[in-house]
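Down below is the structure, laid out as C-alpha cells.
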Amino acid sequence: MSIEYLGLDSINGPLVVLEGVQDAAYDEIVEFSVQRTEHKLGRIIEVYEDKAIIQVFESTTNMSLENTHTKLTGRSMELPLAPEMLGRTFDGIGRPIDGLGELNYVSKRDVNGNPLNPVRREYPRNFIQTGLSAIDALTTLIRGQKLPIFSGNGLPHDKLAAQIVRQANLGKANDEEFGIVFAAMGVKHDVADFFRRTFEESGVIDHVTMFLNLADDPVVERLITPKVALTAAEFLAYDQGMHILVILTDMTSYCEALREVSSSKQEIPSRKGYPGYLYSDLASLYERAGIVAGKPGSVTQIPILTMPNDDITHPIPDLTGYITEGQIVLDRSLEGKSIYPPINILPSLSRLMKGGIGENYTREDHQSVADQLFASYSKVNDARSLASVIGEDELSETDKKYLKFGERFENHFIGQEDDEDRTIIETLDLAWDLLHILPRNELNRIDTGMLDNYFNKGR
Amino acid sequence: MKQLGTIYGINGPIVYVKGRTLFQMSEKVFVGTEKLIGEVIALTNERTTIQVYEETSGMKPGEPVFSTGKPVSVTLGPGILNNIFDGIERPLKKIAEQSDEYIRRGANVQLLDTERKWPVHVTVEVGQEVIGGTIIAEVPETKTILHKSMVPPNIEGRVVEVAADGDYTITDPIVKIQQLDDSVVEVKLAQEWPIRNPRPTRSRYESSIPLVTGQRVVDSLFPIAKGGTAAIPGGFGTGKTMMQHQIAKYSDADIIIYIGCGERGNEMTEVLEDFSELIDPKSGNSLMERTSLIANTSNMPVAAREASIYTGTTLAEYYRDMGYDVAIMADSTSRWAEALRELSGRLEEMPAEEGFPAYLASRIATFYERAGLMLNLNETEGSVSIIGAVSPQGGDFSEPVTQNTKRFVRCFWGLDKALAHERHYPAVNWLDSYSEYVGDLSAWYRDNVSSDFVDNRRQIVEILHQESTLMDVVKLIGSDVLPDDQKLTIEIGRVIRLGFLQQNAFHPEDTSVPLLKQEKMMEIILYLRKRCKMLISMGMPMSLLLREDIFSRIIAIKYDVPNDKLDLFDKYKKDIDDFYTKIMDINA
C-alpha cells in the first residue's frame, strides 16, 4: 500500500509542487484525489531529493494546497492494450468514452515508447495508391512513411485526409489486416464528428480507434494523446500484424500545449517561445512510424498541422519538415481558384518515393515524369509573373504554352472530385497528355530514350 | 568502480549529486541502479552535474552514482568498419541481438567484439625502439581495408616481447614494451581514446589534392581538398542528406565515417541497406567495407547526440593515423547544436543568440579544426575531411549555427529552396556558394586533369553570374527585347544549369562522373558558345540558332555519353561545326 500525501506546496498553472515525498521517481505517474471526489492524473517532471514537481494532466481548478491527496503509482504512464481497441473511442489519455464498457486488456505498455533500432527497421518501399494524382504522381505515399499535411485554417485538410483514408488501399483485398488510429488534439467537435461520419459512411468504422482530446478538453492532456495513440498503433501493427494508418490532428495544438507547459516551468525559450526541445519532442512522435524487419505490420503516419498565419517557416512546420519524410502543402491561392485538393506541389515532397516507384512498383517513367512536372510547373510561375508585368500578349510563344500548361495542370491534374479515384496508370497517362502542350525540347528532365517511347505515343 | 555519490535531483537527462564530490571533470560515470552511462559536466562545492546518455524515466533520488576514473572514451581497433554504432560507440547489431526491435536503456554491450579472432601479422621485432603511433600489427579488417594497430600515442620504449603471427582477439597482448621508466606495458590490437581530445599528430599540411566526389557542382565549381571542411546548409527538402549520401558513395576517400546525428531512423536503415549492396568501384567490394555508421536518430537520448559527433571524429582520426584519407559526413550539425542548447537550457545557463549557449561558436570551431591533412606520429600522411550538413531554422542562413559554421569551414555549398522546388538537384546555389580551396588545388587540376580546367571553370562561373544578372532584367521585361549576344548568354547559362550543374542521382551514368568527363563537358559547352558567338557577331539572329536542336543535344550529353566513352565528345564537336556551317550556308 503506497503512502498518500495530504496537501501540496504550490500550484502554478498546470504544475504543482509536492515536498516531503519519499521514493518519487522521475517521469512517474501520480494520482490526485481532490476533495476525495475528483480524480486527476499527473506526471513528475523534475525531482530533487524529497521535492517533486508534477505536471497535472487535467486542469488544476478546484485543487487547493489543503484539499488534495497525492499518491505515487510507482510506474510511468502506461496504456492498457487489447485487440478489440479497433472500433472503440477513448479520451485523450486512453480511457474508453463510448459507453461500451471496459475492454479485455491483454497487455500494458509505456506510452513513451522506445526508439526503434535502425538495424531492425526495414526501409519502406511499398507504394500506397491514394487515387489522388497530385499525391500519387508527385508526393507518393509509402507504407511506413510519415507524411504530414501542412495546411492553414479554413483549408480542406480534413476533407483531404478523409479522402486518403477512404481511397488508400492499405491492406489486401480481404481488408482484415488494416486499421486506422485517429488522434484528435484540441480539434473542434465538428471536426471529430466529420471524421467519425466519414469512417462510418465508408464502412471502415470497425477498423478505427479514436483518441479524442477536443478543443475544450484539458490542454495538458493533449501532450499524452499522440503518445497514447502511437502506443496503440504500435501494438496493433507489430503485435497484431496490421497495417496501421495514424492520423494526428492538429499538431499545432499539441505544440502550443507544450509551449504552455514549458513556460509555466520557466524554461528558457528558443524560437517564438517554444521550448528548445521541441525538435526532440516532435521526433519522439514522428519517428514512431515505420516497418520492423521480419514483422508483418506497419505504422504509417499522416499528421495534420495548421501553419500559423500560413507561414511555412514557423517553428512547428519547420521542425516537422526536418523530421518527417516529406510534406504535402496546401495553398490558399489554389483554394481561391476552387481547385480541390489545393496541393501546392512545389514545396511538397515525398522523400521515400524514390524507393517505391519505377519499373517494379508503378511504371518506369514515373520518376522522370514527376521531375518534369515539377520543373515545368515552376516555369509556369515565372511565365505568370512576367505576364503580370508585360501582359500576356507580349509573351513569347513558349511562355504562352507554359501558361496554358499551368492552367490545365492545376485544373485537371491537381484538381479532381472528392470521390474521384484515379489509378497510377491513369495519372501518369494524364501527365503525358499535359506535357504534350509543351514543345519537346522543353522536356529536358526526361531521358532521350524515354521521350521517344512516350512522347507522341499514339498521337 | 566505486560509488562516489548519490542522486539528489533529476531533470530530464541532467542528474545532480549534492555536495562536494571526488568526481573528475568529463569523467564517465554509471548512474543509478540500472548503471546508465553518464558524463560529469560541471563541478561546484554545492553539487556535481552529470549528463546521462540514456532515458532517465523511473530514476529516483538516493540511487547511487559510480565513478570509473576515466573520461568518456571509445575503443579503437578492428571491427569498427562495416558496422553501425550508437552515439557512444555501442554496436546496434549487438543491442538488437540482446533485446528486441527497440533500443532499451541500460544495454550492456562491449563496444567492439572481444571474442572474434582476427588474423594478425605482427610488424615489429624484439629490440625495436617504438614511439606512439608505430604500427605494430596488420589485420585485414574488411575486404577493402587493412587495419594497422598502433602503439597508443602516450607510450614509448623498446619492444621486449612479440606474439607470433596468428589469430588473436582485440584483448590479447600482441607486444610488450619496456618504457623509458622501465615499466612494461602490453599493447593490444585495440586501444581506448577519450572522445573529446583530438588524437595527436606531428604536423599539419596545407592540402593540395582534391577530394574527388563525382559530383560536378562540387568537383568543378566548388571543390573540397582532402583534409578540408565543407558545410551544406539548406532548409528541409533541399537535399542535404541526398548530397551527403552521394559523396559518401562516390568520393575517393579510403574510409567514410557517416554520423547520423539527430536525423531519421529510416535514413540510417537506407544507408545500411544501400551501402551493403552498392559496389565500391575502387575496390570491387561493397561500400560498407569501407564505412562505419554512427546513428543517433532524432528520438534517441539527446546527450548521446551531443557525444556522437565527437565519437565519429575520434574514429576518423584513428584511421587517419594509419595513413588513410577519411571523410566524415555529419548529418546534421544543427541537431548537435540544438542538443547543446537543450542541455544548456536544462543547466540554466545564460543563453546567447536564439537560446544557443555562448560557447556555440567555440564548440563548432573545435569540431571543424579536427579536420586536416596531417603528418602522423608514425610519419605516414593521412587526412580527415569533414562535410557537415546544417539545417537552418526556417531555411534562413542568418541563424547562429549557419553563421558560426561559415566562419570555420572553407567550403560553403548553400542549398536553395527555389532550385529544390523545381527539382534541380543538387540544389547548390552557384551564386551563394564558395570554395576557398580553388587556388590551392589549381596546380593539381592542371597536372592531373587538363591545363585548361581552371580557366574553363572560371569562364563557366562568369557566364552563370552574367546570366543571373540578365535574368533579373528578363523577369521585368521578357527576353525578346534583349540583344542577341545577351540572349546567347541566357541560352548558354541554361545549357550549363540543365546539362552540367544538374545531376541525376538515380541515373546509372549520371550519378557519379569522372573528372575528365566533367572537363570535357565544360569544354564542349564553351566551344558551343564560341561558335554561336561567331555567328551572332556576323549578324545571325539568336532565333535562327535556337531552331536547331544542338542545345538540347548538348544538355543530354550527361545521359548520352557513357562515362567510359569520352571519345564520343569528338563527334559532338563535329556536330557543333556542322551546325555552324549549316547556319552559315542558309544565310550565305
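For the reader, a short list of remarks on this structure follows.
- Phi angles across region B:490-505 convert, under the Karplus curve 6.51 cos²θ - 1.76 cosθ + 1.60 with θ = phi - 60°, into 3J(HN,Hα) values of 5, 5, 5, x, 5, 4, 5, 5, 7, x, 10, 5, 6, 9, 8, 5 Hz, Gly and Pro given as x.
- Rounded to the nearest 5, the antiparallel percentage of DSSP beta bridges internal to chain A is 60%.
- One Cα centroid belongs to region A:80-144, the other to region B:178-202; the line between them spans 51 Å.
- Between A:His69 and B:Lys565, the simple label model (points 7 Å from Cα in the Cβ direction) yields a spacing of 8.6 nm.
- Unit charges on C-beta of K, R, D, E only; dipole of chain A, Debye: 800 debye
- Unit charges on C-beta of K, R, D, E only; dipole of region A:4-75, Debye: 240 debye
- Note on region B:21-162: Cα-only Rg and Dmax are 19.2, 56 Å.
- Residue order, fewest to most beta carbons within 10 Å, for B:Trp444, B:Trp193, B:Trp336, B:Trp430: B:Trp444, B:Trp193, B:Trp430, B:Trp336
- Our summary of shape: the Cα atoms of chain B have principal axis extents of 95, 56, 42 Å, ordered from largest down, in whole angstrom.
- Euclidean distance of C-alpha centroids, region A:176-248 and region B:105-151, integer Å: 53 Å
- Cα gyration tensor shape for region A:306-399, rounded if a/c is under 1.5, else prolate or oblate: oblate
- Mean residue ellipticity (222 nm) of the protein assembly as shown, computed from DSSP H runs ≥ 4 via -39,500 (n - 2.57), nearest 500: -9500 deg cm²/dmol
- Note on region A:295-347 and region A:357-432: Cα centroid distance 20 Å, given to the nearest whole angstrom.
- Computed from backbone phi with θ = phi - 60° and the Karplus coefficients 6.51, -1.76 and 1.60, the 3J(HN,Hα) list for region A:53-64 is 9, 10, 9, 8, 6, 9, 6, 8, 4, 6, 6, 10 Hz; x is used for glycine and proline.
- Look at A:Ser368, A:Ser338 and count the other Cβ atoms within 10 Å of each Cβ; fewest to most, that gives A:Ser338, A:Ser368.
- The alpha carbon convex hull volume per residue for region B:461-588 rounds to 104 Å³.
- Within the shell of other residues whose beta carbon sits under 10 angstrom from the beta carbon of B:Arg553, the net charge comes to -4, with Lys and Arg scored +1 and Asp and Glu -1.
- Shape call, region A:18-83: gyration tensor on alpha carbons, a/c limit 1.5: oblate
- Amide proton proximity set for B:Ile7, modelled H, under 5 Å, gap of 5+: B:Gly62, B:Glu63, B:Val65
- Under the shape rule built on the C-alpha gyration tensor, where the axes satisfy a ≥ b ≥ c, the protein assembly as shown is oblate, since a/c reaches at least 1.5 while a/b does not exceed b/c.
- Within the protein assembly as shown, DSSP assigns beta bridges of which about 65% are antiparallel (rounded to the nearest 5).
- Amide proton proximity set for A:Gln416, modelled H, under 5 Å, gap of 5+: A:Tyr340
- Farthest toward the positive end of the dipole of the protein assembly as shown, out of A:Gln129, B:Asn378, B:Pro210, is the Cα of B:Asn378, where the dipole comes from beta carbon charges about the Cα centre.
- Annotation: amide H of A:Val246 within the under-5 Å range of A:Val181, A:Thr300, A:Gln301, A:Ile302, sequence separation 5 or more or interchain, hydrogens built in the peptide plane.
- Links that overshoot a 28 Å alpha carbon limit, given the list A:Lys188/A:Lys272; B:Lys93/B:Lys249; A:Lys295/A:Lys354; A:Lys265/B:Lys94; A:Lys51/A:Lys188: A:Lys265/B:Lys94; A:Lys51/A:Lys188
- Check: region B:201-249 dipole with +1 on Lys, Arg Cβ and -1 on Asp, Glu Cβ, in debye: 140 debye
- When chain A is described by a simple charge dipole with +1 on each Lys and Arg Cβ and -1 on each Asp and Glu Cβ, the residue from A:Phe57, A:Tyr340, A:Asn153 located farthest towards its positive end is A:Tyr340.
- Which of A:Ala162, A:Phe90, A:Ala283, positive extreme of dipole for chain A (C-beta unit charges): A:Ala283
- Per-residue mean of foreign Cβ neighbours for A:305-315 is 1 (Cβ atoms of other chains, 10 Å radius).
Quick note: the coordinates plus some simple rules give every number you see, no bench work behind them. Because the structure is a prediction, the values reported are computed rather than measured. Every residue, glycine among them, receives a Cβ derived from its backbone with ideal geometry; neighbour counts consider all protein chains shown.
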